[in-house]
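Okay, handing you the structure first.
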Amino acid sequence: MAKCFALMGWSLPVIESMQKTGRPFVVVSFPDFESYAQENNIPFLPYQLDEWSDTSNSLDLFEKLKAFDADVAVPLYEETVEWAGALNSIYRGDPRVLNRAFLFRNKAMMKRKALIGGLRVGLFEEVFNKEGVKAFMKRLNQANLQLDGEEDSWVHIKPFASAGTVGHRLLRSMSDVDEKCEDSDFPCLAESHLPGREFSCEAFINKGKIRFLNITEYVKLGYSNFIPEGRYLESKRDLIHKEVQKMVDIFGIEYGMVHPEWFLTEKDELNFGETACRIPGGHILELCSKSYEFDALAAFVICHDPNITEEELDEIFPAKDFKPKNYHGNVMIYPQKRQFSKLEIPESLNNEPYFVEHTLIAPYEGQKLSADRNGFGNHFGTINFKGEDPDRMTELLKHYEEEEFYV
Amino acid sequence: MGLTTDKVFINFDQSLQEFVDSGALSKKEKATKLASHIDILSLTRSGLAYLYHKSVELEQAGFFQGTSWNDPDKLVPFLVKGTLKYGHPSSSFEALSELRMLRYAKGEDVHELLSAGDAQSFMEEVLVHNLEFALREPTEETRMRMTERELKKAFNLFGFIMSEMDLKGVYEKLVDEVRMLCEQRPIRTQKARELISLVNRRFDTSGNSEKDKAIQVYIHALFSPSKNSEKHQDRDAYQQFLETANETALASEAHEMGEYMNATGLVSGYHALLLLHIVEKNPNLVPICLDLNDRGIAEWEKFHELVSVLILETVSWDNCQCIYGLARMLGKNLFSRRPVRVGLENLRKIKINPQVEKRILKSLTDPDMDVTALQYLIGGTIKVLGQPLGVGQGNNPTCQSARGISMWSQHSPAKLIDMIITVSTQNNLIMRFENQNLISNNLIKGLVDQLDYNLDVVSVVLVPHLDKIYNEMMRLSTGRLDDPHKWVNPAMYGQWIQVGFASCYDYMSNSIMDYPGYLRIFYGAFHPKYNGNQQMVYPNPVGIFITSNKGDMIGFHAISLLRVEETDAAELRAYFLNPNNEGRQDWGQGIRPSVHGKGEKQGESSLPFHHFAARVYAFHYSTLNVRSKLDEVPQEEINQVEKLAKESWGKSYLWNQQTKLW
């Protein structure tokens, strides 16, 4: 069993879950959180995680963590993946652990690795300017045997190292390249559009094996999802399980949790989108905990531990044959207007049997959204649903995603 | 909407359990979730009762921890309204906070730092500051700021508080409220009646204080407006008394009731029975019964045949309030106008469209079974004609329509009657706008989605159509690089509206442009010192900025400027109609419209002239008359108003110094 988990990043829900398990941990985060940590008796090591210098580096952090007897580092956020990788390289005496962390932080490298290993990926390339994107689109058009007058092939560009959908742009034509791309986007990864139905899964890995696989059904990417997956994806569970294990093997992931995104085609082929190894957004682990009746956040941390026993592992995860009783879903609410002043909760929600609760808050008077939204921006609250029928769940999430809450 | 399942209660209990079980770190998040259940429960009476029951348990579980509601002994009653207006989750926390305070006030639970007495005075203060919720009469600002759901929550909360709380301490405030409400002589008297009944039910008013005496007048006006109505409380008993009473007794009854009616603007059912009786048996007592002035008496004598018919056909126990309107009509010699007489004769003979009938019946709270919709409609018409300044928009964003009804009632009563007849029979209305006919039934949308039926009968009939036509006119005039009201107002209201139009907001530059130049026109047109000592003849539809009590911009509102006159104290004031029925508001910067005691006629609001000027953004005027007056307006006047404007709503706009060619 780990002597002490170093949690890389500040997350109250994770801290609370760890407190409940009674396992030793220390939180490594910005000095801003120190006073709160002290008031609430949270073991804390202040560290300038956004700085890399003579006084702020993994060797120094390693030394400082000795006081806490830490022997496993757990990345909670995209930005702390390298820190955790570097520390774990030291703890495990394996420099490649750090390189593997880089893999998660460079999408081009990640794709290359996947391609070499035999996962289905699209055509991709590193691009450095708009011309590069256009050249890429042109080659893609050629490969797709485009005729004169036909539409251009779709291209996605993504920053090498950002979480989820941040900085992601879909370009449908040459003119889109001029209109939507900005110089600050580059360099980045350009990638052909992958066909298929998008979903994500959360695979908890220990000793290189999937210990628990959660599949999240996306109703609308970035807006709504539910767990467990609906009927169709459930019927593909074995296929998905195999493919995820394959990915884990290719990447050589031994401990932690991966959160890959896939596209399932009608021919039952899985296209690999990308993967992360931190806590996914969209309150996914919260939903997962509720449906599978275990503490997914604690499990996330604990499966990073190389010294855990099989019995302990069995204890933290749901039983192998566990069938969730209910689907738990949520929809994140974003204002649809640029300017709005009121929160208007539709009457229909009051009597909706699937409705559980929401965390919506009223805007301040005449609130405006700033123009520079990242990814999907910050949502204004979440509505949680629970029920037995995945189709009804889908319907509800779709409905409330379109409903205007901020007027 | 009711809560159809017990699921909301189960969900609440589960959420509460999760909150209790959660660790210190996630309490806040769980509290937010729990608040979403409070939000839903506070929409219904049963939900509130449940929350009331659970409120202290929630408090003890730490629901308020880390929020400003944590120490009940340190709460400020004055701030309650602001948080309620802020919306969920603040309003849900606030509601729960009031509920637990109520428990402390009633001694159902004990707080170690807060005595029951302190909790009680806190709740009293809260209630007094929030009478608009308690009486379901939100101000314009409140209506704009709060969503329907939030309003419903607030109404519901205060309804609950009123029924559960000991109201002793708020007595004086409520009496003042009654007085101010009635002083404005609203056509729709339901709120006043409810409030008076409440005071009557819940307080001992038999004392001798000034407040006791004041409220007794209103209570008598409603429940015992004469010696014999007090003796024969039962409706049938009073009717029997009338059958046997001699003329002296009837005269004394008529005298008392007439005076109560005139003093309060309120009419009781007894008054209806009495009037119906004497109109047939002792018609000479009618002028006393209506407390008529000399003009009114002369009018009665000349037109008693028609008026008697109207009384017999229209007046009833529940429809009694129209007696006051009738008295006012007579006092204004409206029957001397042939078109009005003909119009009323016509109205008597119509067959009401079933849809319109439905609307009328829906607006009545406790209709007499044997009184038809037509009788209510005639009664409603009489009320509007008698009390043009008592027209209100109710809980609807239809200030323009209300303003129109009021204006026609004053200056074109026959046209108004005609419009009522058309809409009542056809459920349709045609108005002309720039060479096209706008047919309301062919138009889809007005400003109001769901009419609030707390309206007078005439408004219930007309407003849905006026609103759609108004909206269509606005639609047709947008995009002309000036305020659409410039074209809509004259077309909508009629030839009384000057075609000259000034707005300080410039559409082209999206800014407040040449405000001083704009103010000069306002002063040159309306200020007697600079307009050649001219008085206003017709109401002027004016657009104003509604501002909060801190002077912050909230929105726009339509009112009518009626007259500008000096008070006895030599203060120049602007008198206006605010169709939201709530003349008393606080617009910040010390700008607080008054409704009584500053020379207002009943139903008028007023402000010092420069205060009024500082909130107006658009008005109509005669371009020809005003030209020579502009240079006479002194710069100091302009500066004074500009300062008020810039420091309030002006903060929400760009200001452009460029001179404009007006």
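The values are calculated or read from the model by the stated rules, or taken from the named source; none is laboratory data. Predicted model only: the values in this text are computed from it and were never measured. Quick reminder, even Gly has a Cβ in these numbers, built from the backbone with ideal geometry, and neighbours come from all protein chains shown. Ligands, DNA and RNA are excluded from the accessible area calculation, which covers all protein heavy atoms including side chains. Shrake-Rupley method; radii C 1.70, N 1.55, O 1.52, S 1.80 Å.
The rows are residues; the columns are (1) of a type in the set (Val, Ile, Thr); (2) in the same structural domain as A:Lys242 (by TED's automatic domain parsing); (3) without any contact (Cβ under 8 Å) to a residue 24 or more places away in the chain; (4) open to solvent by 10 Å² or more (accessible area, probe 1.4 Å).
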site: A:Phe272; (1), (2), (3), (4): no, yes, no, no
site: A:Gly281; (1), (2), (3), (4): no, yes, no, yes
site: A:Ala296; (1), (2), (3), (4): no, yes, no, no
site: A:Ile302; (1), (2), (3), (4): yes, yes, no, no
site: A:Asp305; (1), (2), (3), (4): no, yes, no, no
site: A:Glu310; (1), (2), (3), (4): no, yes, yes, yes
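Would you mention how many residues in the stretch B:425-469 are under 24 Å from the mean Cα position of the chain (by Cα) and at pLDDT 90 or above?
14
So which residues in the stretch A:211-255 are among the basic types (Lys, Arg) and within 16 Å of A:Leu397 (Cβ to Cβ)?
A:Lys220, A:Arg231
Within the stretch B:354-364, is even one residue assigned to a loop (DSSP other than H, G, I, E, B) and either β-branched (Val, Ile, Thr) or at pLDDT 95 or above (or both)? Reasoning before the result, please.
Just the residues of the stretch B:354-364 that are assigned to a loop (DSSP other than H, G, I, E, B), to begin with: B:364.
Filter once more, so that each one left must be either β-branched (Val, Ile, Thr) or at pLDDT 95 or above (or both): none.
There is no residue in the stretch B:354-364 that is assigned to a loop (DSSP other than H, G, I, E, B) and either β-branched (Val, Ile, Thr) or at pLDDT 95 or above (or both).
Ok, one more. Counting only residues that are of a type in the set (Phe, Trp, Tyr) and more than 26 Å from the chain's Cα centre (by Cα), which one in the stretch B:195-241 is most open to solvent (accessible area, probe 1.4 Å)? Step through it out loud before you land on a result.
Taking the stretch B:195-241 and keeping what is of a type in the set (Phe, Trp, Tyr), we get B:203, B:218, B:223, B:238, B:241.
Applying the additional criterion that residues be more than 26 Å from the chain's Cα centre (by Cα) yields B:238, B:241.
Values: B:Tyr238: 0, B:Phe241: 26 Å².
Only one residue fits best here, namely B:Phe241.
Separate question: In the stretch A:147-156, what count of residues is obtained for those that are modelled with pLDDT of 90 or more and aliphatic (A, V, I, L, M)?
1
Can you name the residue in the stretch A:349-365 that is over 14 Å from B:His37 (Cα atoms) and either among the acidic types (Asp, Glu) or more than 7 Å from chain B (Cβ to nearest Cβ) (or both) and, of all such residues, is surrounded by the most Cβ atoms within 10 Å (Cβ to Cβ)? Even if it seems obvious, please write down each step before you answer.
Of the stretch A:349-365, the ones over 14 Å from B:His37 (Cα atoms) are A:362-365.
Going one step further and asking which of them are either among the acidic types (Asp, Glu) or more than 7 Å from chain B (Cβ to nearest Cβ) (or both), we end up with A:363-365.
Values: A:Pro363: 21, A:Tyr364: 9, A:Glu365: 15.
The selected residue is A:Pro363.
Further, regarding this structure: Regarding the stretch A:74-88, can at least one residue be identified that is touching a residue at least 60 places away in the same chain (Cβ under 8 Å), within 14 Å of chain B (Cβ to nearest Cβ) and aromatic (Phe, Trp, Tyr)?
Looking for residues that are touching a residue at least 60 places away in the same chain (Cβ under 8 Å), within 14 Å of chain B (Cβ to nearest Cβ) and aromatic (Phe, Trp, Tyr), one finds none in the stretch A:74-88, hence no.
Take the residues of the stretch B:58-83 that are free of Cβ contacts under 8 Å to residues at least 24 places away in the same chain and not hydroxyl-bearing (Ser, Thr, Tyr): which is nearest to B:Glu148 (Cα to Cα)? Quick ask: steps written out before the conclusion?
Filtering the stretch B:58-83 for residues free of Cβ contacts under 8 Å to residues at least 24 places away in the same chain gives B:60, B:68, B:70, B:74, B:76, B:79, B:82-83.
Going one step further and asking which of them are not hydroxyl-bearing (Ser, Thr, Tyr), we end up with B:60, B:70, B:74, B:76, B:79, B:82.
Numbers: B:Gln60: 31, B:Asn70: 28, B:Lys74: 30, B:Val76: 26, B:Leu79: 21, B:Gly82: 16 Å.
Here the answer is B:Gly82.
Starting from residues that are open to solvent by 50 Å² or more (accessible area, probe 1.4 Å) and acidic (Asp, Glu), keep the ones in the stretch B:103-145 and report whichever is nearest to B:Asn395 (Cα to Cα).
B:Glu137
Is at least one residue of the stretch A:9-19 modelled with pLDDT under 95, away from chain B (no Cβ under 14 Å), out of contact with any Asp or Glu (no Cβ under 8 Å at 6 or more places or on another chain) and open to solvent by 30 Å² or more (accessible area, probe 1.4 Å)?
no
Quick check, is B:Gln495 among the polar types (S, T, N, Q), under 28 Å from the mean Cα position of the chain (by Cα) and over 28 Å from B:Glu571 (Cβ atoms)?
Working: among the polar types (S, T, N, Q): yes; under 28 Å from the mean Cα position of the chain (by Cα): yes; over 28 Å from B:Glu571 (Cβ atoms): yes.
Taking the combined requirement at face value, the residue satisfies it.
Determine the pairs where a residue that is outside any strand (DSSP E or B), located within the stretch B:552-572, has a partner that is of a type outside the set (D, E, K, R) and surrounded by fewer than 22 Cβ atoms within 10 Å (Cβ to Cβ) with Cβ atoms under 8 Å apart, the partner being 6 or more residues away or on another chain.
If the second residue must be of a type outside the set (D, E, K, R) and surrounded by fewer than 22 Cβ atoms within 10 Å (Cβ to Cβ), the pairs left are B:Asp552/B:Gly588; B:Asp552/B:Ser652; B:Thr567/B:Gly599; B:Asp568/B:Gly599; B:Glu571/B:Pro608.
Let me ask another. Quick one: which residue in B:Asn437, B:Asn454 is assigned to a strand (DSSP E or B), assigned by TED's automatic domain parsing to the domain that holds B:Pro397 and open to solvent by 40 Å² or more (accessible area, probe 1.4 Å)? Give the steps one after another, and end with the answer.
On the way: B:Asn454 fails: assigned to a strand (DSSP E or B).
It is B:Asn437.
Kindly establish whether B:Tyr86 is without any contact (Cβ under 8 Å) to a residue 40 or more places away in the chain, among the hydroxyl-bearing types (Ser, Thr, Tyr) and either open to solvent by 40 Å² or more (accessible area, probe 1.4 Å) or away from chain A (no Cβ under 12 Å) (or both). If you could, list the steps in order and put the result at the bottom.
Numbers: without any contact (Cβ under 8 Å) to a residue 40 or more places away in the chain: yes; among the hydroxyl-bearing types (Ser, Thr, Tyr): yes; either open to solvent by 40 Å² or more (accessible area, probe 1.4 Å) or away from chain A (no Cβ under 12 Å) (or both): yes.
It is true that B:Tyr86 is without any contact (Cβ under 8 Å) to a residue 40 or more places away in the chain, among the hydroxyl-bearing types (Ser, Thr, Tyr) and either open to solvent by 40 Å² or more (accessible area, probe 1.4 Å) or away from chain A (no Cβ under 12 Å) (or both).
While we're on this one: If you take just the helices (runs of 4 or more DSSP H) that sit entirely in the stretch B:576-657, which of them hold at least 1 residues that are surrounded by fewer than 18 Cβ atoms within 10 Å (Cβ to Cβ)?
Numbers: elements: B:609-613, B:623-626, B:635-646.
Those helices (runs of 4 or more DSSP H) span B:623-626, B:635-646.
Right, next: Considering only residues that are open to solvent by 10 Å² or more (accessible area, probe 1.4 Å) and among the small types (Gly, Ala, Ser), which ones fall in the stretch A:184-238?
Those that are open to solvent by 10 Å² or more (accessible area, probe 1.4 Å) and among the small types (Gly, Ala, Ser): A:Ser184, A:Ser192, A:Gly196, A:Gly208, A:Gly222, A:Ser235.
Listed here are the residues, each with its yes/no results for (1) modelled with pLDDT of 95 or more; (2) small (Gly, Ala, Ser).
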position	(1), (2)
B:Glu210	no, no
B:Val217	yes, no
B:Gln233	no, no
B:Gln239	yes, no
B:Ser252	yes, yes
B:Met257	yes, no
B:Tyr260	yes, no
B:Leu266	yes, no
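Still on this structure: Among the residues of the stretch A:339-353, what is the count of those that are outside any strand (DSSP E or B) and either closer than 19 Å to A:Leu396 by Cβ or modelled with pLDDT of 85 or more (or both)?
Residues flagged as outside any strand (DSSP E or B) and either closer than 19 Å to A:Leu396 by Cβ or modelled with pLDDT of 85 or more (or both) within the stretch A:339-353 amount to 10.
Turning to a different aspect of this structure: Which of the residues belonging to the stretch B:242-286 are aromatic (Phe, Trp, Tyr) and either open to solvent by 50 Å² or more (accessible area, probe 1.4 Å) or more than 26 Å from B:Asp366 (Cβ to Cβ) (or both)? I'd like the intermediate steps shown before the answer.
Just the residues of the stretch B:242-286 that are aromatic (Phe, Trp, Tyr), to begin with: B:260, B:270.
Passing the criteria: only B:Tyr260.
What residue, among those in the stretch B:146-165 that are farther than 10 Å from B:Leu84 by Cβ and either among the β-branched types (Val, Ile, Thr) or within 14 Å of chain A (Cβ to nearest Cβ) (or both), is surrounded by the fewest Cβ atoms within 10 Å (Cβ to Cβ)? Full working, then the answer.
Within the stretch B:146-165, the subset farther than 10 Å from B:Leu84 by Cβ is B:147-149, B:152, B:155-156, B:159-165.
Pick out the ones that are also either among the β-branched types (Val, Ile, Thr) or within 14 Å of chain A (Cβ to nearest Cβ) (or both) and you get B:147-149, B:152, B:156, B:161.
Working: B:Thr147: 17, B:Glu148: 15, B:Arg149: 23, B:Lys152: 17, B:Asn156: 19, B:Ile161: 24.
Residue satisfying both the conditions and the ranking: B:Glu148.
For the stretch B:23-79, give me each residue that is within 30 Å of A:Gln19 (Cα to Cα), in a loop (DSSP other than H, G, I, E, B) and either in contact with a Ser or Thr (Cβ under 8 Å, 6 or more places away or on another chain) or of a type outside the set (Val, Ile, Thr) (or both). Quick ask: steps written out before the conclusion?
Kept after step one, since they are within 30 Å of A:Gln19 (Cα to Cα), are these residues of the stretch B:23-79: B:23-38, B:54-71.
Next, only the ones that are in a loop (DSSP other than H, G, I, E, B) stay: B:23, B:61-71.
Scanning the stretch B:23-79 gives B:Gly23, B:Ala61, B:Gly62, B:Phe63, B:Phe64, B:Gln65, B:Gly66, B:Ser68, B:Trp69, B:Asn70, B:Asp71.
Let me ask something else. Can you name every one of the helices (runs of 4 or more DSSP H) wholly within the stretch A:1-71 that holds 2 or more residues which are over 25 Å from the mean Cα position of the chain (by Cα) and farther than 21 Å from A:Asn206 by Cβ?
Numbers: elements: A:12-21, A:34-39, A:58-66.
Qualifying helices (runs of 4 or more DSSP H): A:34-39, A:58-66.
Right, next: Filter the stretch B:524-547 down to residues that are more than 23 Å from B:Pro484 (Cβ to Cβ) and touching a helix residue (DSSP H, G or I) at 6+ places or on another chain (Cβ under 6 Å), then give me how many there are. Can you show your working first?
Here is the first cut: in the stretch B:524-547, the ones more than 23 Å from B:Pro484 (Cβ to Cβ) are B:524, B:527-537.
Still in the list and also touching a helix residue (DSSP H, G or I) at 6+ places or on another chain (Cβ under 6 Å): B:524, B:530-531.
Of the residues in that region, 3 qualify.
If I filter the stretch A:322-348 down to residues being touching an Asp or Glu at 6+ places or on another chain (Cβ under 7 Å), within 14 Å of chain B (Cβ to nearest Cβ) and of a type in the set (S, T, N, Q), which single residue comes out as nearest to A:Gly281 (Cα to Cα)?
A:Asn326
Okay, moving on. Please pick out the residue among B:Leu389, B:Leu374, B:Leu361 that is open to solvent by 10 Å² or more (accessible area, probe 1.4 Å), farther than 15 Å from B:Gln426 by Cα and over 20 Å from the mean Cα position of the chain (by Cα).
Details: B:Leu389 fails: over 20 Å from the mean Cα position of the chain (by Cα); B:Leu374 fails: farther than 15 Å from B:Gln426 by Cα.
The unique qualifying residue is B:Leu361.
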